[in-house]
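Undergrad: Below: one structure in structure tokens.
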Amino acid sequence: MEWLCVDAEGDLALEPVAEYFIPPRIQQGYETTLPLLESPDHPDAIFTGNSLLAAGAFQAIRDRKLKVPNDIALVRFDETTWGALVNPPITLIAQPTEEIGRTATELLFL
């Protein structure tokens, strides 16, 4: 999970303000996000490496009565159906998994 800095013009900083490498589980996403949200200088955005971490981060955001994207942005990497079920939908970076699998298989048989 990364905490990125965005300036007044909306440009991303070159380096994350903080980053955490944690097991890809809902509980770890929740437990890592909660202290970030409780800090006086909480992040403007959270980027998660998979949908399980995003689910945990989303739950922590909701438990703190914050709204995505008005109070904090949440971006997830890894496509699952649940992200589109919340309103507004959570921003997604999708992977072309079928294409990745096809290419990997083709490379195995070269």
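Please treat every number below as a calculation from the coordinates, not as lab data. Quantities reported herein were computed from a predicted structural model and do not represent experimental measurements. Cβ placement follows ideal geometry from the backbone for every residue including glycine, while neighbour counts extend to all protein chains displayed.
Undergrad: Which distance in nm do the two modelled labels at residue 93 and residue 19 give, with both placed 7 Å along the Cα-to-Cβ direction?
TA: Here the answer is 1.0 nm between the modelled labels.
Undergrad: Let me ask something additional. Cα convex hull of the stretch 44-85: how many Å³ per residue?
TA: Roughly 62 Å³ of hull volume per residue.
Undergrad: List the residues, sorted by chain then number, that are 5 or more residues from residue 73 or on another chain and whose placed amide H is less than 5 Å from its amide H.
TA: Sorted by chain and number, the residues that satisfy this are 45, 46.
Undergrad: Where Lys and Arg each count +1 and Asp and Glu each count -1, what net charge lies around residue 95 among other residues with Cβ under 15 Å from its Cβ? If you can, show how the numbers build up before the last one.
TA: Numbers: positive: 76, 102; negative: 78, 79, 98, 99.
Its environment carries a net charge of -2.
Undergrad: Now a separate question. What FRET efficiency, computed as 1/(1 + (r/R0)^6) with R0 = 30 Å and r the Cβ-Cβ distance, is obtained for residue 39 and residue 77, rounded to the nearest 0.05?
TA: Working: r = 24 Å, r/R0 = 0.79.
For residue 39 and residue 77, the calculated efficiency is 0.80.
Undergrad: What trypsin sites (Lys or Arg not before Pro) in the stretch 42-110 are in a loop by DSSP, with at most 16 other Cβ atoms within 10 Å of the Cβ? Display every interim value, and only then the final one.
TA: On the way: sites: 62, 64, 65, 67, 76, 102; in loops: 64, 65, 67.
Loop-located and lightly packed - 64, 65, 67.
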